[in-house]
1. Please give the contour-minus-distance gain from E51 to E32: 0.36 nm per residue of separation, less the Cα-Cα distance, rounded to one decimal in nm.
2. Give me the one-decimal nm value for the distance between modelled label points at Q113 and T140, 7 Å along each residue's Cα-to-Cβ direction.
3. Counting other Cβ atoms within 10 Å of each Cβ, which chymotrypsin sites (Phe, Trp or Tyr not before Pro) in the stretch 71-119 have at most 13 and sit in a DSSP loop?
4. Could you list which residues have their amide H under 5 Å from that of A59, counting only those 5 or more apart in sequence or on another chain, with H placed in the peptide plane?
5. Scan around I98 for amide H atoms under 5 Å from its own, H built in the peptide plane at 1.01 Å from N, and keep only partners 5 or more places away or cross-chain.
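Each reported figure results from applying straightforward, stated rules to the coordinates on display, with no laboratory input. It should be emphasised that the depicted structure is a prediction, and the values quoted were computed from it without experimental measurement. Virtual Cβ from ideal backbone geometry, glycine too; neighbours counted across all protein chains shown.
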Amino acid sequence: MPANVHALRGNPSKKPLGELLGELRPPVVVPEAPAYLSAVARAEWDRIGDELRALGLVAQIDLAVLAMYCVAYARWVEAEQRIAEENVASADGAGGLIDLTPNGYRVQSVWLQISKQAQEQLARYAAAFGMSPSARSRVTPSNNQGDLFGAGQAQGGGWNAL
């Protein structure tokens, strides 16, 4: 029976929503970090990877999107650091935000443009993993039956703890 008919009838078979919708639920695992990540991107990979694994929101197939998120994060951090450095070095405190053209016009600095673009990329990649309040309602964690009763936890949980 189609999922919409199940929903209209109140799901009399009591099937899980994921089964009704035919969702793909790959095993929860943080992929190996790519070697090309900078130190800042790698630190973010380790930090967010642990969070996503705990929530059941990351799988091996997510390697590229997670890497793009971490690269955008590192780019944003670098741009913000450069803006702060140039602000301190300038007389008016806005040297990191404003550049002067050869004709003397004031325009947004290159670092501000890089920061804004990285922020936009971060928001898109973060939404894919449910990393904002509105995006959380659109993601579904993988069904992780392996963690039943704490099995597989590094803290010595599972049957061995009994």
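1. Numbers: separation 19, 0.36 × 19 = 6.84 nm, distance 1.51 nm.
Full-extension gain reported as 5.3 nm.
2. Label-label distance for Q113 and T140, simple model: 4.3 nm.
3. On the way: sites: Y73, W76, Y105, W111; in loops: Y105.
Passing both the DSSP loop test and the Cβ count: Y105.
4. Long-range HN contacts for A59: V29.
5. Here S109 satisfy the definition.
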